[in-house]
Each structure stands twice: as structure tokens, then as C-alpha cells.
1. Checking Met214 against (1) in a helix (DSSP H, G or I); (2) open to solvent by 50 Å² or more (accessible area, probe 1.4 Å); (3) not basic (Lys, Arg), only one condition comes out false. Which one?
2. Considering only the stretch 174-194, I want to know if a residue exists there that is assigned to a helix (DSSP H, G or I) and farther than 23 Å from Gly450 by Cα.
3. Assess whether Glu376 counts as being in a strand (DSSP E or B), open to solvent by 30 Å² or more (accessible area, probe 1.4 Å) and modelled with pLDDT of 95 or more.
4. In the stretch 164-173, what residues are surrounded by 19 or more Cβ atoms within 10 Å (Cβ to Cβ) and not in a strand (DSSP E or B)?
5. Going by the conditions given, is Leu415 modelled with pLDDT of 95 or more, closer than 30 Å to Leu308 by Cα and not in a loop (DSSP other than H, G, I, E, B)?
6. Take the conditions open to solvent by 20 Å² or more (accessible area, probe 1.4 Å), under 24 Å from Gly450 (Cβ atoms) and assigned to a helix (DSSP H, G or I) and apply them to Arg161. Does it pass?
7. Go through the stretch 118-158 residue by residue and tally those that are more than 30 Å from Pro409 (Cα to Cα), among the charged types (D, E, K, R) and either surrounded by fewer than 16 Cβ atoms within 10 Å (Cβ to Cβ) or out of contact with any Pro (no Cβ under 8 Å at 6 or more places or on another chain) (or both).
8. Is it true that some residue in the stretch 350-362 is assigned to a strand (DSSP E or B), touching a His at 6+ places or on another chain (Cβ under 9 Å) and open to solvent by 70 Å² or more (accessible area, probe 1.4 Å)?
Amino acid sequence: MGNPKAFLSIDRKEAGYRPVMERVLDYGEVEQTLNNEDRKLQASRCMECGVPFCHWSCPLGNKQPEWQDRLYKGDIQGAYNLLTETDDFPEFTGRICPALCEKGCVLNQSGNAVTIRENEAAITEQAFLDGFVFPRPPKVRTGKKVAVIGSGPAGLTVANRLNRKGHDVTVIEKDEAIGGLLRFGIPDFKLNKNVIDRRVEILKQEGIEFITGMEVGKDVPVDKILEDYDAVCVAIGSGQPRDLNVEGRTLKGIHFALDYLKQQNRVNAGKEISHDKRISAKGKNVVVIGGGDTGSDCVGTANRQGALSVTQIEIMPKPPEGKNPETPWPYWPVVLKTTSSHEEGCRRRWLLDTRKFEDDGQGNVKSLIVEEVEWEKDSETGKMTMRHTGKTEIIQAELVLLALGFTNPVQEGLLEELKVETDLRKNVKTDSNGATSLAKVFAAGDAATGQSLVVKCIASGRNVAQGIHSFLSGQM
């Protein structure tokens, strides 16, 4: 512990975001960085608590106090080595993780948590600059072949860890580039895709084979994959979007959020989209239905496209600001979250249920009718029930984006052919090692758990990779 009194004398300092009027004109990352001296001072604020709740809060079990101390002392290589003991891709989590660790930080009781996530990103970037991150191919190969289907954070983690064990790993991705939702679902202004390319290039040099533009169960039979590989890992994510079954849903101008975000990311990458297929918010009143992070990403994208107005509506009540007594420290606080995208311009509404989409007479959406709702808690069971109040209003919208989350992995194709057992939510059912009901087939990430966080997908990938290694080694 470099400075045992720093938490008393040094305040939390965040790098903040680029100015709004500048960042809405491009898709560059909005987050700025502190200089090295300020970053060291922030690292010195870590108290190295007897019970590190930051470590407890992290699904990966990151050793935050240890690498904060290394960062404070200028030992970037040591800090990076400690980070990657538990986190395969800190350049991803350091940018897009919601920082569960910071919510568990003891200093967060006063709203002054250590800047753990930003420090993690800073360590990783400096490690790349200093040449501490380079290919480390395994010295010995086992001769065992593994196919990883899907290249999101879970799939990449499984591939990385099994390759290090000496197995021959092939990652098969249905889209045209590697990264899954990291590549196509998260806007460039939150995660520059060069960050993914940089890591994928290292993984290639370490011996992992990547195949893109191939959908297992469509372009190649599942039986062929099962025949050619000693183990198979399903890491296809939870791609079935939750829909709205209301009148007018089929009108033009109503799209799933992920379709919208994917298209813009492809446009940013240089892909040509025909005018009739282009989803654009330019000059339109936009309504985003859904109050989560995906909805926030749609808000930021719509603002960059030149939306006339952006409104985000949510059926749940507005969360409390600051602290919530129902979710006390060190648990994840259910409080109002205002993102950089919201700051760029957005009207936010709560307790509204969409009842109908209205037609402009030419098959296009022109507005939606919403009804105010109330939530009541049953005094005996504690269960919340929704009640419609009858109070309705009309919100103008020429573009509606459905950001209602995802229900389960897509069943058509791969999962239908595999015929693996699923749970009640249609997620792939696995044991504690990630093994499915089908011999030598495993599942990792959202495909097995349902929609979750990138950091939880990496944690799942690490666990399942160990399960596959045990299976290949004859220990299961």
C-alpha cells in the first residue's frame, strides 16, 4: 500500500467525456483519459481493505488492490500481469463493464469509489504501448481439436484459454468479422473496433484459427463439426429479441434495437447499405422503448445520425437517484443511471406501456399510443403487479426502436440440429463444467445463462474452458 492516507486527502477524479458538441459529430470513443500522474494518484486511493468487496463484487474475482498498488508504483507490467491472471481481455472490460467492483468499493459508501474501471483500461493501454502484450503461443500441442461456435467475449475467452493449454482451437463466426456483440452490438463511441482487431491479431499469432461468414447448421452441417472436432463449445449468445405484440407492430419504421446498432457499426466499418434498407434517425422523431444500456446506445446513435428528437420510455418506475435503501452497499445499486448518451439529448419517461402504433396512411409509423401504469407490491408475497390507469397519450415518432432485451439463444439451425436439452427459458442447459446433454458439446456465456454482462461472459468462458480441458484430458 503505497500511500495509506491517500483516500483521506485525494478525491475521486474521473477523466470524463469529450465535449457534447464535439462527440455527437463522430463515432469516436467518448471517454477521455487522465494523465499518468493523476492516474497514479487515483490508484493510490485504494485502501487495500481487509475484506476487499471490490474483489467480492467482480464476477472474475479481479485482484483490484494488488494491481492498484502496482499502478501507483509505476509497475505497469506487474499490474497488467495481475489483471490478466483473472481477466483475459481487460481492454474490453476496462471500457464497457458497468464496474460492479466500484459499487462494492468501501469508499463508495460516501459516493467516492476508487476509479477501478478507468485504471484497468489505463493499465492495459500502457501495457500495449510499452510492448508488454505480445503473442505467447503454447510450446506443446496436445493434438486435440476444439470448435468454438461464436466469437463474442465468452467464445473468445474459451478459445484463448484452451489454446494456452495446447489444444488446436478453431473459432467459427456467422458474421463477417470476429467479436460478436463486442463488434456489432456495442457502438464505436463506447468501444473502438481497433481494440478488438488488435487482440484478435494476437490470438491468431498464438495459433487460434478464425473462420468468418460461416453459420453452423446452415452453411455447414452440425454433424460435420461434431465429426471433425474432439469438443465443441456453443457460444452464440442470447440473440432472440423480446418483441411487442401490439396493433401496428408491422408498420415500417419499427425496428429491433440490435438491428439498428449492428447496421450503424457496419456503416462505420465501410459497408454500403442501400437506401431502402438503411435505418436512419436523421430528421425524425425517435422513440426508444426500453430503459437499459441497449436503449441508451440507441439514443447516442440516433443523436449522431441527426434525430429531430429522441424520447426513451420505460414501463418500470423511475429508479431513485443517489442511493436506494432496497439495494444497500455492497450490492449493485438499483438507482437512476444517466449515460453519456443521455447527456447528449434525450427525453426520458417512465411508467408507460405501449398500446398501439399508428399508421401515417402509407404503411409507416407516425406515432404510438402509450398508457400510464402503476406498480403495486403485494404485502404478503412482495411480488410487484402492474395496473393500467386508463390515462393515455400520443407520442409522435417516425422511428421506433425496440430495446426490450433478449429472451434466449436463437433455436433455429444450430440448436435445433444439436437437440441439446434446454431449460424453461430455452437457454442451453449445462452442468457446473458447462457440459450439455450431448456428449463433447459444451455451452458458455449468454447461450447458457441468458442475457448478461460482458464480464460475466468472460467469467463463464474461463469456467467452461477448464471444463473442456478436463474432458479432453480424460478427467471427466
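The values are calculated or read from the model by the stated rules, or taken from the named source; none is laboratory data. A quick note: this is a predicted structure, and the numbers were derived from the prediction, not measured. When we count neighbours, we look across all protein chains shown, and the Cβ atoms used for this are built from the backbone with ideal geometry, even at glycine. In case anyone asks, the SASA skips ligands and DNA or RNA and just uses the protein heavy atoms, side chains included. Shrake-Rupley method; radii C 1.70, N 1.55, O 1.52, S 1.80 Å.
1. Against the list (1) in a helix (DSSP H, G or I); (2) open to solvent by 50 Å² or more (accessible area, probe 1.4 Å); (3) not basic (Lys, Arg), Met214 comes up short only on (1).
2. yes
3. Considered against the rule, which asks whether it is in a strand (DSSP E or B), open to solvent by 30 Å² or more (accessible area, probe 1.4 Å) and modelled with pLDDT of 95 or more, Glu376 comes out as no.
4. Scanning the stretch 164-173 gives Lys165, His167, Glu173.
5. no
6. Criteria met by Arg161.
7. 6
8. Within the stretch 350-362, one or more residues are assigned to a strand (DSSP E or B), touching a His at 6+ places or on another chain (Cβ under 9 Å) and open to solvent by 70 Å² or more (accessible area, probe 1.4 Å).
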